[in-house]
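Accompanying notes for the structure given below.
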Amino acid sequence: EDMDANLLAMLDAQVGELEQRIKSVIGQEETSAAKARLLLSIPGIGPVSAAMLIAEMPELGRMTSGEAAAMTGLAPVPHDSGAMRGKRAIAGGRRALRHVLFQAALAAACHNPVLKPVAQALKIRGKPHKVVIVAIARRLVTIANAILKTGVPWLSQPNR
């Protein structure tokens with residue numbers, strides 16, 4: 001009898017623990033789905049970029065805009081040593097995420113009503129294509145961070 005009672009108590013405890021874990025996973029899924037909906041509202045961000053941003057940048061929505069750009073490795077890093085002044089290059093960050101963001105930036109440069117004119121202005125100023133795309137990618141991350149922070153999707157933003 002005692003053994004049965006112990007076994008039941010143990011099983012009860014395990015079931016309780018599993019229920020908690022399931023609740024937690026469902027909660028995370030709902031959070032991720034809500035984040036994905038917000039990110040997908042941004043012109044230029046598709047399902048792949050949204051999934052990548054959620055997976056690779058869990059801090060998104062809880063950062064300053066500068067931190068958001070640095071996280072992706074899109075912040076200019078000076079390569080200077082002594083008298084040598086190098087070209088500004090982007091470094092660090094999460095490589096796979098950066099590739100996806102370049103793709104998103106290419107789309108945003110063509111289709112995002114806010115970023116398209118920015119891209120055109122940089123081109124007119126004679127900036128190389130890669131510099132333009134990096135600038136747009138940085139702004140995309142900054143926008144994504146702001147949208148997740150406020151919980152307000154792109155279309156209902158003022159002056160869009």
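Contact map, segment 29-55: first residue closer than 13 Å to A144 by Cα and free of Cβ contacts under 8 Å to residues at least 12 places away in the same chain, second residue part of a helix (DSSP H, G or I) and among the hydrophobic types (A, V, I, L, M, F, W, C), Cβ cut-off under 6 Å, separation 6 or more or different chains; pairs are L40/A50. Helices (runs of 4 or more DSSP H) fully within segment 69-160 that include at least 2 residues being surrounded by fewer than 20 Cβ atoms within 10 Å (Cβ to Cβ), over 17 Å from the mean Cα position of the chain (by Cα) and modelled with pLDDT of 95 or more: 115-124.
The residues listed here are A51, A36; of these, the one that is under 30 Å from P117 (Cβ atoms), at pLDDT 90 or above, under 11 Å from the mean Cα position of the chain (by Cα) and open to solvent by 40 Å² or more (accessible area, probe 1.4 Å) is A51.
The values are calculated or read from the model by the stated rules, or taken from the named source; none is laboratory data. Quick caveat, the model's predicted, so the values are computed rather than measured. Glycine gets a Cβ as well: all are built from the backbone with ideal geometry, and neighbour counts include every protein chain shown. Calculation scope for accessible area: heavy atoms of the full protein, side chains included, ligands and nucleic acids excluded. Shrake-Rupley method; radii C 1.70, N 1.55, O 1.52, S 1.80 Å.
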